[in-house]
Amino acid sequence: MSAMTWGTIATWRMAHDGVRKASDLLAQAGRAGDAVEALINVVEAYPYYKSVGYGGLPNEEGVVEMDAAFMDGDTLAQGAVGGIRNVMHAVSVARALSAQHYNSFRVGEGATKFAALNGFEMTNMLTDRAKAQWQHRLAELAAADLDPYDGHDTVGAITLDRQGSMAAATSTSGLFMKKAGRVGDSPLSGSGFYVDSERGGATATGLGEDIMKGCLAYEIVRRMGDGETPQAACDHAVYPFIETLKRRYGKAGEFSLIAMNPRGDWGVATNVEFTFSVATSAAAPQLLMATPGPAQTTVIAPVTQAWLEAYEQRLKAPIDLSR
């Protein structure tokens, strides 16, 4: 590995601006932990992303509860929060907790209290726009027998710095209309994330209840450690498990995983139409689309301008805030 090698990869279109910020930091010899936190902070603060941070959609009681995690690939230190409330940057709280040997995964009131006592920015995370979307869904549910769950897109990211260190992090407001106290895969080590600077890192997004049945993030890292490329590790870990889940559990929700190794090579596997953003010392930040291909492989192509325009239109479509 060249001393100048660096890279970052993150889930979904919403991470692209964060990837740009992280790539700027990494190109200037910034550290992996700082870069991955900065990347996710950008997503958490943007009010139009309805599945992460400020503006995230609430649970069935109208409360925004967030899950997040941070892992240092050099030391394997981890910190996580589940069901944290009223905190602008849940991933920053998770990173602070990773410095503690004990009590490094906190949930609910304990997580929120830790954030408040340690000077993290506290705010009402339920925006008027998100509240209107929640009320609209409540009205739909009252009128018809609909599936209440809509949206579970986690921002997950991996970074590699020029010193050879890696980090990974996740952040999400979780399943829309979830039950109070529900926690998905995002803050769970080995399921939602895992990183080891000697082997590589992986993060997941999708239906947490199904993703956590497979510990796929760790499995991908393990395979990279055994010599597989990130793409091969993603394909070999994700697609057979989806088939196993369908056969033994009867169904499988949405799965998308990303990976990067210590050389800056990356990979993706998914069973849906999945966008992701990636940048390395060899390539400028780019937004790509992954779809499941033939024979348990992944097809990757650039996102089209038409897709981007439609995405922006959907993202910022007017919502009646007078309800």
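The values are calculated or read from the model by the stated rules, or taken from the named source; none is laboratory data. Treat the numbers as computed from the prediction; the structure is a model and nothing was measured. Ideal geometry is used to build each Cβ from the backbone, glycine not excepted, and the neighbour counts take in all protein chains shown. Areas reflect the complete protein model, heavy atoms only, side chains present, ligands, DNA and RNA absent. Shrake-Rupley method; radii C 1.70, N 1.55, O 1.52, S 1.80 Å.
Things worth noting here:
- GNM on the chain, alpha-carbon springs under 10 angstrom: the most fluctuating residue among 81, 36, 183 is 183.
- Cubic angstrom per residue, convex hull over Cα atoms of the range 209-249: 54 Å³
- Summing +1 for each Lys or Arg and -1 for each Asp or Glu among the other residues whose beta-carbon sits under 11 angstrom from that of residue 228 gives -1.
- Interatomic Cα distance distribution for the range 149-193, bins of 5 angstrom, percent: 5, 20, 25, 19, 14, 8, 5, 3, 2
- Positive-end extreme of charge dipole, the range 1-111 - chosen from 41, 68, 91 (charges on Cβ): 41
- What the chain shows is 41 Å² of accessible area per residue, with the surface traced by a 1.4 Å probe over protein heavy atoms.
- Percent RCO, i.e. relative contact order, over the range 10-165, from Cα pairs under 8 Å lying at least 6 residues apart: 28 percent
- Note on the range 216-305: Cα-Cα pairs beyond 23 Å make up 24% of the total pair count.
- Positive end of the dipole of the chain (Cβ unit charges, origin at the Cα centre): among 298, 285, 274, the Cα lying farthest that way belongs to 274.
- Over the range 150-295, the Kirkwood radius and the radius of gyration, each from Cα atoms, give a ratio Rg/Rh of 0.96.
- Rounded to the nearest 10 square angstrom, residue 209 shows an accessible area of 70 square angstrom against a 1.4 Å probe.
- For the chain, relative contact order (Cα pairs under 8 Å, six or more residues apart, normalised by length) works out to 21 percent.
- Residue-count net charge about residue 292 - beta-carbon cut-off 14 Å; Lys, Arg +1, Asp, Glu -1: -3
- In sequence order, calculated HN-Hα J values of the range 300-313 (Karplus, 6.51, -1.76, 1.60; Hz; x Gly/Pro): 10, 8, x, 6, 7, 5, 4, 4, 4, 5, 5, 4, 4, 5
- Relative contact order computed over the range 28-82 (Cα-Cα under 8 Å; 6+ residues apart), in percent: 18 percent
- Long-range Cα-Cα pairs in the range 41-155 (distance over 25 Å), rounded percent: 26 percent
- Taking the square roots of 5 times each eigenvalue of the Cα gyration tensor of the chain, largest first, gives ellipsoid semi-axes of 28, 23, 19 Å.
- Under the Debye formula (equal points on every Cα, no solvent term), log10 I(q)/I(0) of the range 273-323 at q = 0.14 Å⁻¹: -0.53
- Between the range 287-323 and the range 71-90, the C-alpha centres lie 28 angstrom from each other.
- Over the range 126-202: Kirkwood hydrodynamic radius from C-alpha pairwise inverse distances, Å: 15.0 Å
- Partners of residue 213 within straight-line reach, counting lysines whose Cα lies under 17 Å from its Cα and excluding those fewer than 8 residues away in the same chain: 246, 251.
- Pairs of C-alpha atoms in the range 55-120 farther apart than 17 Å represent 35 percent of all such pairs.
- Counting only Cβ charges, +1 for Lys and Arg and -1 for Asp and Glu, the dipole size of the chain around its Cα centre is about 180 debye.
- With the simple model of a label 7 Å out from the Cα in the direction of the Cβ, residue 118 to residue 63 spans 2.1 nm.
- Within-10-Å neighbourhood charge of residue 94 [Cβ basis; K, R +1; D, E -1]: 0
- Residue 304 contributes about 80 Å² of solvent-accessible surface, heavy atoms of the protein only, 1.4 Å probe.
- Projecting the Cα atoms of 242, 191, 260 onto the dipole axis of the chain, where Lys and Arg carry +1 and Asp and Glu carry -1 at the beta carbon, places 191 farthest toward the positive end.
- Applying a DSSP loop filter and a limit of 13 other Cβ atoms within 10 Å to the trypsin sites (Lys or Arg not before Pro) in the range 220-261 leaves 251.
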